[in-house]
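The values are calculated or read from the model by the stated rules, or taken from the named source; none is laboratory data. Everything quoted here is computed from the prediction, not taken from an experiment. All Cβ positions, glycine included, derive from the backbone under ideal geometry; neighbour counts span all protein chains shown. For accessibility, only protein heavy atoms count, side chains too; no ligands or nucleic acids. Shrake-Rupley method; radii C 1.70, N 1.55, O 1.52, S 1.80 Å.
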Amino acid sequence: MGILAVLLLAAFAFASIRVVREYERVVAFRLGRLRGALGPGLVFMLPFLDKLIRIDLRTVTLTIPPQEVITRDNVTARVNAVVMFRVTDPVQAVMSVENHAIATSQFAQTTLRSVVGRADLDTLLAHRADLNEDLAQSIARQTQEWGVEASVVEIKDVEIPEMMQRAMAREAEAERERRAKVISARGELQASKELRDAALTLSEAPASLQLRYLQTLLELGADQNSTVVFPLPMDIVGPIVQAVQRFAGDDDPSSAPPQTHGLKVVDRPLEGESR
């Protein structure tokens, strides 16, 4: 009997002792009444009278499955996200909700569809940080009542239809072409202004134009070309062309003005008479 009593006492002690890790807490119930959160270390309980529920206090990473959403500009997209949360109040996590992990996951899915549905596609792709902040605030406001703190909420991936991807690629290509044309036009405008300033400077010093002419000849001779082009200023070429045209007009009888009959006034300022 003594040996049996010792064995029963050892079995009772073994069944009454629970080891709670540092990152865990146990919520104890005795005959259905809440005793509170216990741990870490050794926790004593009465078999068949106490019930312990372990709660992990570490940060849990929860992946939200892809959700079919329609943005504000009527574009269908598949969006998934990741939520990181941790239990801050074990008693509330047990008393307020049946399963805090499943409840957080379901509420995160509905909040993701709601937030993305209020934004257009450009905001979803280019301003994702604002959507992440809105998601985190909405989820944290609800999970706070459950003793759960949602620390990080991030949109992980956005999938759009292939037709929309091609349209966006064409739009991006057109935008790049527009920027290239604008940059080229600005370069031509700046170059024209510089050429105007250079022309004004050369017009003030004719000797500099001659030096530029000689420098051009030097550059042409450095390439060892068989053909040499001599650029001549217009103030030199113009009188020569006019003289040639005048000489050709004197030699050609057909170019003489036709004879007309009638009266005309001839002024002779040197002789002081008119007729």
Top-ranked residue in the range 122-141 [being among the charged types (D, E, K, R) and over 19 Å from Asn74 (Cβ atoms); ranked as surrounded by the most Cβ atoms within 10 Å (Cβ to Cβ)]:
Asp134
Every residue from the range 39-76 that is in contact with a helix residue (DSSP H, G or I) (Cβ under 7 Å, 6 or more places away or on another chain) and outside any loop (DSSP other than H, G, I, E, B)
Phe44, Ile53, Ile55, Val60, Leu62, Ile64, Gln67, Val69, Ile70
Here are some conditions: (1) out of contact with any strand residue (DSSP E or B) (no Cβ under 9 Å at 6 or more places or on another chain); (2) under 13 Å from Val158 (Cβ atoms); (3) loosely packed, with under 15 Cβ neighbours inside 10 Å; (4) not polar (S, T, N, Q). Ala119 meets all but one. Which one does it not meet?
(3)
For the range 59-73, does any single residue satisfy the condition of being in contact (Cβ under 8 Å) with a residue 12 or more places away in the chain, more than 30 Å from Glu162 (Cα to Cα) and open to solvent by less than 70 Å² (accessible area, probe 1.4 Å)?
yes
Ala150 is checked against (1) under 30 Å from Leu34 (Cβ atoms); (2) at pLDDT below 90; (3) in contact with a helix residue (DSSP H, G or I) (Cβ under 8 Å, 6 or more places away or on another chain); (4) open to solvent by 70 Å² or more (accessible area, probe 1.4 Å) and fails just one. What number does that condition carry?
(4)
Qualifying residue in the range 27-40 (condition: of a type in the set (Val, Ile, Thr), touching an Asp or Glu at 6+ places or on another chain (Cβ under 8 Å), within 18 Å of Thr88 (Cα to Cα) and at pLDDT 85 or above)
no
Could you tell me which numbered condition Leu34 fails, if it satisfies all but one of (1) in contact (Cβ under 8 Å) with a residue 24 or more places away in the chain; (2) under 30 Å from Val153 (Cβ atoms)?
(2)
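Where residues in the range 91-103 are assigned to a helix (DSSP H, G or I) and under 22 Å from Gln137 (Cβ atoms), which of them is most open to solvent (accessible area, probe 1.4 Å)?
Start the filter on the range 91-103 by keeping residues that are assigned to a helix (DSSP H, G or I), which leaves 91-95, 100-103.
Within this subset, residues satisfying the condition of being under 22 Å from Gln137 (Cβ atoms) are 92-93, 100-103.
Values: Gln92: 74, Ala93: 3, His100: 36, Ala101: 38, Ile102: 101, Ala103: 23 Å².
In this case the residue turns out to be Ile102.
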Is at least one residue of the range 80-90 open to solvent by less than 60 Å² (accessible area, probe 1.4 Å), over 16 Å from Glu149 (Cα atoms) and either in contact (Cβ under 8 Å) with a residue 40 or more places away in the chain or not in a loop (DSSP other than H, G, I, E, B) (or both)?
yes
Go through (1) under 20 Å from Asn74 (Cβ atoms); (2) open to solvent by 40 Å² or more (accessible area, probe 1.4 Å); (3) outside any helix (DSSP H, G or I); (4) not hydroxyl-bearing (Ser, Thr, Tyr) for Ile155 and report which single condition fails.
(2)
Among what's in the range 104-116 and is crowded, with 16+ Cβ neighbours inside 10 Å and hydroxyl-bearing (Ser, Thr, Tyr), pick the residue that is nearest to Glu145 (Cα to Cα).
Thr104
Number of the exception - Arg170 against (1) closer than 20 Å to Ile70 by Cα; (2) under 20 Å from the mean Cα position of the chain (by Cα):
(1)
Conditions (1) open to solvent by 60 Å² or more (accessible area, probe 1.4 Å); (2) more than 52 Å from the chain's Cα centre (by Cα); number of the one not met by Ala13:
(1)
